[in-house]
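To keep things clear, I will list the structure first and then write my remarks on it.
The values are calculated or read from the model by the stated rules, or taken from the named source; none is laboratory data. This structure is a prediction, so every number in the text was calculated from the model and none was measured. We place every Cβ from the backbone using ideal geometry, glycine too, and count neighbours over all the protein chains shown.
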Amino acid sequence: MRKSKTDIYKGLYLYDTAMLSADCMYRKVSRIQNGITNLSWVSEDFKGGANCGIIRVVFVKQPPIIMLLVRCSECETSSVKGLDAQLLYQINLAKPGLLVRIDDIPDLMLGSSVHPWVQAGVRKCLINALKARSGVKMTINSAYRTIVGQQLLRSHYENKRCNIVAAAPPGKSNHNNASSIDIEDANGWKTALSSNGFKKLGDFDPMHYDCTIGIVDMMPVSVAAFQQLWNLANPNDKLATDGDMGMLTTNRLKNAPIEGFGNLPELYPGRVLKFTEPLQAGNDVGKLQLSLQAAGINVGKVDKIFGEQLDKAVKEYQSKVGLKADGIVNKATATSLNPPPPPIA
């Protein structure tokens, strides 16, 4: 007998919908009773009704245990640095040379949350501006902000958090193009910046300058990079890699893990594994469990979830090899567990 939609999805948690405006279907699906435990994904297109159109609804058999971008309440954009690092890697992979680092420029100081990546034209403009005021240090408080960081700020603004009074949607801020800077002592730098390719945004934002020389629109690249990243991590829920920040891509961005995806190829930057709330989960956690097992440490069930048992196992291993037993799988712990191969003679 063919199961009805109600039977198939009974017990599933609503994960997200692509068209929340179609509340006839959204309300109906939201009432389905929760209860099943094993993690699994179901994606379905529904015809919602006269004013609804086609709605993609994604369900899971249990709530996600990783911290998703849409649920993050941390005010600083540094809280999403794991996902940021993976996105930056993908951008640099897709368009080598589009972004360059600026943390090696003499007399340039970067705030603690500032990405050291900008478009190549910005680096040249900065070097020339600093030469114009030789010996004077410039402090940048904000520069490139990925669409990940922009979505975090947008969520804070929409939910009235962190005293954010305005935040554009991802892709709508100049900072997302890696061509803008916010600096201290804006008046002191006005002449040097204005004569070397920068344009002041306006008196309503006196610290903000945009570089205008050698700049390209990198938003399609950034969005396509996220789409590619999502597809690598979610082969059963792929996005079109069209560089368009449409409803589906925005929805998936909101539901991306802030610490980064745990099931990407090993060349991608990994997240720092540790016992957190909510719990980390993924292939990288499973690999850690297997590495600890191989080192003679009892990890309990190899379930790809970083729970209390794994936290104890990591600390036991760290004590065993003389590392700080804090349960954080930093570079020293990861290298000790998985040493690089010896050089070829």
Q) Got a number for residues in segment 91-112 being assigned to a loop (DSSP other than H, G, I, E, B) and over 10 Å from Ala143 (Cβ atoms)? A) 10
Q: Quick one: which residue in Asp237, Asp185, Asp217 is under 22 Å from Asp107 (Cβ atoms), surrounded by fewer than 19 Cβ atoms within 10 Å (Cβ to Cβ) and in contact (Cβ under 8 Å) with a residue 24 or more places away in the chain?
A: Asp185
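When you look at Leu288, is it touching a residue at least 40 places away in the same chain (Cβ under 8 Å), of a type in the set (A, V, I, L, M, F, W, C) and in contact with a strand residue (DSSP E or B) (Cβ under 9 Å, 6 or more places away or on another chain), yes or no?
yes
Here is a list: Gly327, Gly243, Gly260. Which entry is at positive phi, in contact (Cβ under 8 Å) with a residue 60 or more places away in the chain and either surrounded by 14 or more Cβ atoms within 10 Å (Cβ to Cβ) or hydroxyl-bearing (Ser, Thr, Tyr) (or both)?
When all the criteria are applied, what remains is Gly260.
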Q) Of everything in segment 139-163 that's more than 14 Å from Ser113 (Cβ to Cβ) and touching a helix residue (DSSP H, G or I) at 6+ places or on another chain (Cβ under 7 Å), which residue is modelled with the lowest pLDDT? A) Ser155
Q | Scan of segment 65-86 for residues that are part of a helix (DSSP H, G or I) and either among the polar types (S, T, N, Q) or more than 10 Å from the chain's Cα centre (by Cα) (or both), ordered by number | A | Val70, Arg71, Thr77, Ser78, Ser79, Gln86
Q. Across segment 276-329, which residue is farthest from the chain's Cα centre (by Cα) among those that are of a type in the set (S, T, N, Q), assigned to a loop (DSSP other than H, G, I, E, B) and modelled with pLDDT under 85?
A. Thr276
